[in-house]
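The values are calculated or read from the model by the stated rules, or taken from the named source; none is laboratory data. In this text the structure is predicted, and so the values were computed from the model without any measurement. Cβ sites come from the backbone with ideal geometry, for glycine too, and all protein chains shown count toward neighbours. These accessible areas exclude ligands, DNA and RNA; they are computed on the full protein's heavy atoms, side chains included. Shrake-Rupley method; radii C 1.70, N 1.55, O 1.52, S 1.80 Å.
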Amino acid sequence: MIELEHISKTFELNGKTVEAVKDVSLQIREGEIFGIIGFSGAGKSTLVRCINLLEKPEKGRVVIEGEDITHFEGRRLREMRQKIGMIFQHFNLMPSRTVFENIELPLKLTRLTEKERRAKINSLLDLVGLTDKAQSYPSQLSGGQKQRVAIARALANDPKVLLCDEATSALDPQTTHSILQLLKEVNARLKLTIVVITHQMEVIKEICDRVAVMQKGSVVEEGDIVDVFSSP
Ligand code: ADP
Ligand code: ADP
């Protein structure tokens, strides 16, 4: 489904070169929940941002459903990005827009009629359990509710892949659990492939099928959860 082949990415920072990702290859299977765990600065975010080309890898190839997208630009890049939703640690909602309007934003670029759009937003609100918050503003919501809005927005274009960058890191354990259960539910119901970046082992153990461990830009271990976390 997603193949990352020999991906490398460096940044220039104050005259110094940071090797954020060093020759990483990974294969993520259709329909699985794949975890990437590692300390802050390990390169997780940079690697995952290469999947939707928010970062352009300097070396290597990104292949999605058999298609090499590494050099996509313009319309092809925009269409590809619609198939890949993303959520973040700090939710990235528009503060001046209601919950309804936040979810509507990605749908404005589509050909849906007003009525179809409204039906779609209402079904997304139902999916994430926020029907009664449609007219609230982000500042009126708890952290978990904000992340639910972000999930609804990320799913608006019916993506095949959802990238989650530290999506539960700003939440308390109980809220984390409920968001992870929601991700598990959308994975099963929508046959969505999910990539989860985290520094929290509990998150990986709760929902992931397979995991890669990153350290200093490299993948140092990879496999089924049971194998990776039972090794001495
Ligand atoms: P993680 O997600 O594991 O915390 P990141 O991918 O965010 O790791 O960062 C990996 C390394 O790359 C870090 O040293 C970070 O400071 C650096 N880095 C990431 N993005 C940039 C950027 N836009 N400019 C400069 N350095 C960056
Ligand atoms: P993460 O949750 O992945 O650790 P960060 O807070 O490290 O995210 O990074 C947030 C944003 O800042 C990302 O777009 C990343 O590419 C960028 N970034 C990270 N480290 C640096 C850095 N040292 N210099 C400039 N930009 C950075």
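Return yes or no: is F39 aromatic (F, W, Y) and closer than 12 Å to L163 by Cβ? Criteria not met by F39. Residues in the range 93-107 include none that are open to solvent by 40 Å² or more (accessible area, probe 1.4 Å), assigned to a loop (DSSP other than H, G, I, E, B), among the small types (G, A, S) and at pLDDT below 95. So, in the range 48-63, how many residues would count as being under 19 Å from K160 (Cβ atoms) and either open to solvent by 90 Å² or more (accessible area, probe 1.4 Å) or within 13 Å of ligand 1 (Cβ to nearest atom) (or both)? Residues meeting the conditions: 6.
Any residue that is of a type outside the set (F, W, Y), at positive phi and part of a strand (DSSP E or B) - is there at least one of those in the range 210-223? Checked against the condition, which is being of a type outside the set (F, W, Y), at positive phi and part of a strand (DSSP E or B), the range 210-223 yields at least one hit.
Among residues of the range 18-45 that are closer than 21 Å to K56 by Cα, those with a beta-carbon under 6 Å from a residue that is open to solvent by 30 Å² or more (accessible area, probe 1.4 Å) and within 11 Å of ligand 1 (Cβ to nearest atom) at least six positions away or on a different chain give the pairs V18/F11; E19/T10; A20/F11; A42/Q215. Scanning the range 184-193 for any residue that is within 18 Å of T46 (Cα to Cα) and surrounded by fewer than 16 Cβ atoms within 10 Å (Cβ to Cβ) turns up nothing.
Residues checked against (1) in contact (Cβ under 8 Å) with a residue 60 or more places away in the chain; (2) more than 25 Å from E101 (Cα to Cα); (3) not aromatic (F, W, Y):
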position: P138; (1), (2), (3): no, no, yes
position: L141; (1), (2), (3): no, no, yes
position: Q147; (1), (2), (3): yes, no, yes
position: E185; (1), (2), (3): no, no, yes
position: A188; (1), (2), (3): no, yes, yes
position: K191; (1), (2), (3): yes, yes, yes
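In summary, strands (runs of 3 or more DSSP E) completely within the range 1-45 and bearing 1 or more residues that are more than 16 Å from ligand 2 (Cβ to nearest atom) and open to solvent by 10 Å² or more (accessible area, probe 1.4 Å) occur at 2-13, 16-28.
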